[in-house]
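Participant: Sending over a structure as structure tokens; questions will come in a sec.
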Amino acid sequence: MLYAYVDESERDEDFYFLGALVGTQEQFNGLTSALDAIVAKHAEAFPALANIELHASHMMRATDEPWRSLPLRIRFAIYRDVVEAIRSSEVRIFVEGVDIGAQAARGYPVLTPARELAFSHLFERINDCGREVDCAVKIIADEHHTAPISRSNFASYQIHGTYGYRSSTLANIDPQIDFISSATSRPLQASDHVTYIYNRLRTIVETNPKADSEKRKLWRTIEAQATWPVGRARIWP
């Protein structure tokens, strides 16, 4: 069996992203151990980090403690360690983004909600991963208030197929999606880091040249895992 850890990221009301890391249990066990070790290493100098959830937005925006008290260079160092652990794990990366304004400008008579559209496209890619090696894929997603809608949409796709010309009934995806707290899952936290940095790369023009350079370096570390035929990262349309 393969596993896919799914997380989301938004940019105001303009963009929506849904990302997934796909791999084996062995790969995710190794990634979990690596992220635990990263936290333990940095907690030696900054004890408040002990057992902290690695939440990308909180870390980089320093919205709360203990991130608010950490220098930017340390927060970047932790982020670099996280993406290096993801690179070393060799998991596959998929990110489906929706440019909400561009989608609306196309003038569709019925506008599919951005989350539902990204969900459909991402799950097609995850299903392909299972079909390639003839096994099922278990989905683990960050819990959120739309979990019941996601379950309902997935059930509908299994009956009627996903959107678009490559419609799929997602036969290789385990029908039971698990929604759990990201605080309990290092792989979900890794997925959060990937989705967040891709969001920022594609939607934010940095005013600080150093921040821009660092952002691009972070993405380059894992870009090969998000490039076809290994993975994919895009914004639609």
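Participant: Counting only DSSP beta bridges with both residues in the chain, what percent are antiparallel, rounded to the nearest 5?
Facilitator: Of the beta bridges lying entirely in the chain, close to 55 percent run antiparallel.
Participant: Something else about it: Given a cut-off of under 8 Å on Cα pairs at least six residues apart, what relative contact order in percent is computed for segment 2-236?
Facilitator: This gives 32 percent for segment 2-236.
Participant: Another question about this same structure. What per residue convex hull volume, in Å³, do the alpha-carbon atoms of segment 83-215 yield?
Facilitator: Taking the convex hull of the Cα positions in segment 83-215, it is 148 Å³ per residue.
Participant: Cα centroid distance between segment 83-149 and segment 198-237, in Å?
Facilitator: With segment 83-149 and segment 198-237 each reduced to a Cα centre, they are spaced 17 Å.
Participant: Semi-axes of the equivalent ellipsoid of segment 2-236: what are they in whole Å, largest first, if each equals the square root of 5 times a C-alpha gyration tensor eigenvalue?
Facilitator: 29, 21, 16
Participant: Where Lys and Arg each count +1 and Asp and Glu each count -1, what net charge lies around Ala43 among other residues with Cβ under 15 Å from its Cβ?
Facilitator: Once positives and negatives cancel, what remains is -2.
Participant: Collect residues whose amide H, placed 1.01 Å from N in the peptide plane, falls under 5 Å from the amide H of Ile173; neighbours closer than 5 in sequence don't count.
Facilitator: Val137
Where a number appears in this text, it was derived from the coordinates with a stated rule and is not lab data. The shown structure was predicted, so the numbers you read here are calculated from the model rather than taken from an experiment. All Cβ positions, glycine included, derive from the backbone under ideal geometry; neighbour counts span all protein chains shown.
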